[in-house]
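To keep things clear, I will list the structure first and then write my remarks on it.
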Amino acid sequence: MSAEAQAGLGDRLGRTRRSFRGWRGQRPFWGGLLTLLGGIPIMYFPYANLTLGSMTIRMSTTAGAGSLIIGVLLVVLGLTLWFQPMSRIFAGVAAILLALVSLVVSNFGGFVIGFLLALLGGALGISWGPARAPKQEAGGGKVADDEDAGKGETAAFDPFGGASDDLSGTSPNGNDGTNGRHRAG
């Protein structure tokens with residue numbers, strides 16, 4: 001391979017890596033991955049055979065079909081977290097509930113491995129929030145600095161990125177911080 005071919009390969013690999021990093025940053029990637037990985041032991045262990053020398057131990061239970069359904073649903077919820085990030089709350093709550101049900105139904109949740117992975121993945125899916133776009137001023141079209149955005153207004157955190165009408169830090173009669181409440185004494 002020539003030096004030019006290696007340089008082109010490195011450039012293409014770098015672009016692919018940057019593209020994947022951007023895709024990963026726009027969704028609850030790790031929550032989806034852990035949920036997906038949590039479904040695999042839950043659906044695998046009820047159908048597995050463990051061989052110790054000449055002795056074969058079957059893990060199959062009467063709830064094997066339930067384990068398969070729970071495992072497949074966890075894999076689907078992990079993929080949902082990746083490809084439908086706006087439904088992350090539903091997918092995260094469903095993953096947590098399925099992980100809890102798997103403790104009873106499928107060999108202690110895939111011997112606790114699948115349970116913990118699905119539980120953590122669901123929690124990460126719920127807690128993830130999309131990144132906020134930089135604020136732009138109405139007149140000039142330039143990006144406002146954090147210092148400029150805080151002047152003259154009380155900034156309230158809004159997890160959905162919209163404007164907040166929270167006026168808890170303001171007072172109708174001045175700037176005494178009582179917000180209209182009166183002292184008892």
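Rounded to whole numbers, the Karplus 3J(HN,Hα) couplings from phi for region 27-33 are 7, x, 4, 5, x, x, 5 Hz, using 6.51 cos²θ - 1.76 cosθ + 1.60 with θ = phi - 60°, and x at Gly and Pro. For region 10-115, averaging the sequence separation of C-alpha pairs within contact (under 8 Å, six or more residues apart) and dividing by the residue count gives a relative contact order of 32 percent. Reducing region 76-95 and region 23-72 to their Cα centroids gives an inter-centroid distance of 18 Å.
Taking a sphere under 13 Å around the Cβ of GLY78 and counting the other residues whose Cβ falls inside, with K and R at +1 and D and E at -1, yields a net charge of +2. Once the C-beta distance of ARG24 and GLN136 is scaled by a Förster radius of 22 Å, the resulting FRET efficiency is 0.30 to the nearest 0.05.
Counting only protein heavy atoms and a 1.4 Å probe, region 26-83 has 54 square angstrom of accessible area per residue.
Share of carbon and sulfur in the accessible area of region 63-118 stands at 89%, probe radius 1.4 Å.
The values are calculated or read from the model by the stated rules, or taken from the named source; none is laboratory data. Remember, predicted model here, so these are calculated numbers, not experimental data. When we count neighbours, we look across all protein chains shown, and the Cβ atoms used for this are built from the backbone with ideal geometry, even at glycine. Quick note on the areas: whole protein, heavy atoms, side chains included, nothing else; ligands and nucleic acids left out. Shrake-Rupley method; radii C 1.70, N 1.55, O 1.52, S 1.80 Å.
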